[in-house]
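Single-structure report; data block below.
Bear in mind these aren't lab numbers, they're just calculated from the coordinates by the rules spelled out. Model, not experiment: these values are computed from the prediction. Neighbour counts are summed over all protein chains in view; Cβ atoms, including those assigned to glycine, are modelled from backbone coordinates with ideal geometry.
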Amino acid sequence: MSRSRVLLVLAASIMAGADVEPVHAQSLPANIPTPAQAQDLVQNRPELVAQLRQRIQASGLSADQLRARLRAAGYPESLLEQVMGGATPGASSPPSDSLINAVRALGIVDSTDAAALRRILLGGTRTGAAVAAGTVAPIPSSSERPNGDAARLGTSYAPDGTTLFGYALFSQPTTVFDANAGGPVDASYKLGAGDQLVLILSGDVEAAYTLDVTREGFIVIPVVGTVPVANLTLGDLDVLLRSRLQRVYSGIGSSTRFSVSVARLRSNQVFVVGDVQQPGSYRISSAGTALTALYAAGGPSERGSLRQVEIRRRGKPSQRFDVYEYLLRGDASGDVRLENGDVLFVPTHGARVRVSGGVLRPATYELRANESLDDLVATAGGFTDDASRRRIRIQRIVPPTQRTAEGSDRIVLDVSLPDAAKGASAVRIPIEAGDVVEVPRVSNRVRGRITITGNVWQPGSQGIDKASTLNDAIRQAGGLKSDTYLGRVIISRLRADSTREQIRATLRTDGTTTTPMSLQEDDEISVFSLTEFRAPRYVALSGAVRNPGQYPYRDGMTMRDLLLQAGGLLPSASLKDAEIARLPETRLQGQLAITFRVPLDSSYVLDSPAAATPNGETRLAPYDNVLVLRQPDWQMQSTVTLTGEVQFPGRYALTSKTERLSDVIARAGGLTASAYSAGVAFFRGENAVGRVGVDLPSVLQNPKDRDNLLLIDGDSVHVPRYNALVLISGAVNSAVALPYEPGAPLSSYIRAAGGTTRNADVKRAYVVQANGKVETNHRYFVVIATHPKPRPGSRIIVPSRDPSDKRDVMQFLGTMTQVIGSLVTLAVVLSRTN
């Protein structure tokens, strides 16, 4: 198989409809590569993969759709990822004609279906041809249509009326106009070649027959013979079959019943031309109507008419279909059923008029001849509730013969509606092409009202009349609240020049004014509350209480009340007294607060039985700052954990803040005979310190040793058994554990581990003793003075040399030579001096 042929086959397999039955490798035609062959081609032919990737990216299909097509053709889904190589399929560019021609050449679709496929992928319409081919393509939104405009063809109505009415019907992804290929159909349906009927006999005779209408226009019924049905309606066929069946079955009509129905409809070829989105030839169901064909072609373009759609049938006068009748009144009487060879012609649109403002459907409408302003308003759904029906403004283009000068191309006509109160215009005014009709809305201003706000029970707007007074307004608002400020009510009144003046009134306790006051339209009344003028009063509580903070002050509030709101005292609280800081009566001498102590006792412990017998109450004042003192040096019990080789391990509570490590070990009975004190593990959890190196033998021998640490809460001490092993790890040839050898140097253990590796840094080797302390080599100038001594249970770590720590040997030797030379010179000078 040639390379180009393979490319076309693979591309066709991916682009084929996903609704076909799966094809297995064993049943593939000879010109279709098997899955194994396709896998080999993808892996070994990069130039083929590159071309196939371009075809897939140009297809406009998503990754899921491509996988479905591969799966339906019998190929593994992973083939897509191998072909795309990480690229994202689903580009918006349309497929090339060569790919569609390849699909046609392989026999997957015929010429008509190939054209329908091109329209589906390019324009995204749902056609009858796609249904016939077993594929259903989604309709894109109006913004994706080649000649569409989302703002003008959208489903919502723009307030300015720029939406073209009716065109959104054909931009939605729906199958409402696709006739059912399997019926049912009414009795007026005309039969023809390609239809499939089902005849059922029941009663004395039980039989069912599937009958195909032949090209010659007849059906063949067993026993009965041939019956001509071409151009017969389904109702006529029922009468004809009754007479033909009665010749063979005597019980027809009495003991034997029959029924005939259409099981499958034929397809008709119709032509949609004119100003439509995608003119051309379409195959639609024989039950399809003018709307079916119009929808298959994507609907009229912006230049096309919705009101003068013509249906042309050979030898017969043209019929006209007004889509507005269907959209506005649901009248589909003009939507006739199409026949084979019919031509649907969409002419350019007629006069268009835009209507905006107070109508239910502001849009741009196409008019028929002799339609008036009343007809336009009715087409737009009528007036809205807030439409001002006094007049309508019409902006009109002046005819060329009446244009007298530049700038006089448009005029505005005001149309009065004398019967606006009855909801109809009084005159029928003709509408001309290009008119812009504006229906004004009523003003947002509300007349005959006042507004009352503030400290009344029902604030808001109220209606008034000439006799309304301030007392009436307060009474309609439910009256005054109990904390109302009676000293002044403010009325803001609107003047004739749109400025406002302020008027004041005084109230009595019964909610009436001291002097009667009349109200006017648009007055704004403000009633004030005493609570608004008061600063928030509080007391502050801190110290040994459960919930410190600020609490609202109430008259008569006591110390006990405050502690109750705070949840009571903490166990650390001192029951001797508390301190209160209070604002001074005068601040002449710069005094900020007066402090004094108030006594506390056990009755303030709220969960104590003594709390029921209080011993006096301390009243608080606004803004008091109450401090409940803590007991000196009070804290909860602190515990340390002692485990391992001690006589009595466990968790011990510290008796004082000065208790040390040796004290707790003594309380635990000391160490056992098998304890290894040099390997003690001391851990401190405070501040995440972790393990601390402690020399326990020195501590037990001398309690004043510096390692005899003061213990705190959470410390943990573990005394292990004797461990006679030394672990060696790091940059050694064999990381092992060796028996402890008394007095053996560090180098002895390193040699026993097979020596160091090439990148070992022996000079930086260190020892982690069993008690956690770390010991390293100590150097004095060049000579190493001391080496760490491994002890039982210790670990020896030999680190690797840092690659960045490279020394220049020659530079080092040069430096040493200079130093030695300086020392020799100094020695000679000193010897001569002596």
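Quick notes on this structure:
- Taking a straight line from the alpha carbon of LYS657, these lysines sit under 24 Å away, with near neighbours fewer than eight places off in the same chain left out: LYS704.
- Note on ARG537 and VAL446: their simple-model spin labels are 4.0 nm apart, each label 7 Å out from Cα toward Cβ.
- Relative packing of peptides 224-234, 357-367 - highest average C-beta neighbours within 10 Å first: 357-367, 224-234
- The smallest convex shape that holds all Cα atoms of region 725-798, its convex hull, gives 80 Å³ per residue.
- For the pair PHE218 and TRP457 in one chain, pulling the backbone fully straight at 0.36 nm per residue adds 77.3 nm over the alpha carbon distance.
- If the chain linking THR226 and ALA369 were pulled fully straight, counting 0.36 nm for each residue of separation and taking away their Cα-Cα distance, it would gain 46.2 nm.
- log10 of Debye I(q)/I(0), alpha-carbon scatterers only, for region 352-439 at 0.14, 0.17, 0.22, 0.24 Å⁻¹: -0.48, -0.69, -1.07, -1.23
- The gain in end-to-end length when the LYS657 to ASP497 segment is fully stretched comes to 49.2 nm, 0.36 nm per residue minus the alpha carbon separation.
- Applying 1/(1 + (r/R0)^6) with r as the Cβ-Cβ distance of ASN625 and ILE712 and R0 = 25 angstrom yields a FRET efficiency of 0.15.
- Taking a Cβ cut-off of under 13 Å around SER574, the surrounding Lys, Arg, Asp and Glu residues balance to a net charge of -1, with basic ones at +1 and acidic ones at -1.
- Short-range pairs are left out: with C-alpha atoms under 8 Å and at least six residues apart, the relative contact order of region 449-533 is 39 percent.
- Protection proxy ranking, peptides 309-315, 650-656, 440-446, average beta carbon neighbours within 10 Å, highest first: 309-315, 650-656, 440-446
- 28 Å Cα-Cα reach of LYS316 towards lysines, excluding residues that sit fewer than 8 places from it in its own chain: LYS190
- For LYS773, the aspartates and glutamates whose Cα falls under 15 Å of its own Cα, not counting residues fewer than eight places away in the same chain, are ASP695, ASP707.
- Remark: region 538-630 carries a charge dipole of roughly 180 debye about the Cα centre, counting +1 on each Lys and Arg Cβ and -1 on each Asp and Glu Cβ.
- Separation of alpha-carbon centers, region 261-304 and region 309-373, rounded to whole Å: 16 Å
- Relative pair counts by distance (%), Cα atoms of region 196-256, 5 Å bins: 4, 17, 29, 29, 14, 5, 1
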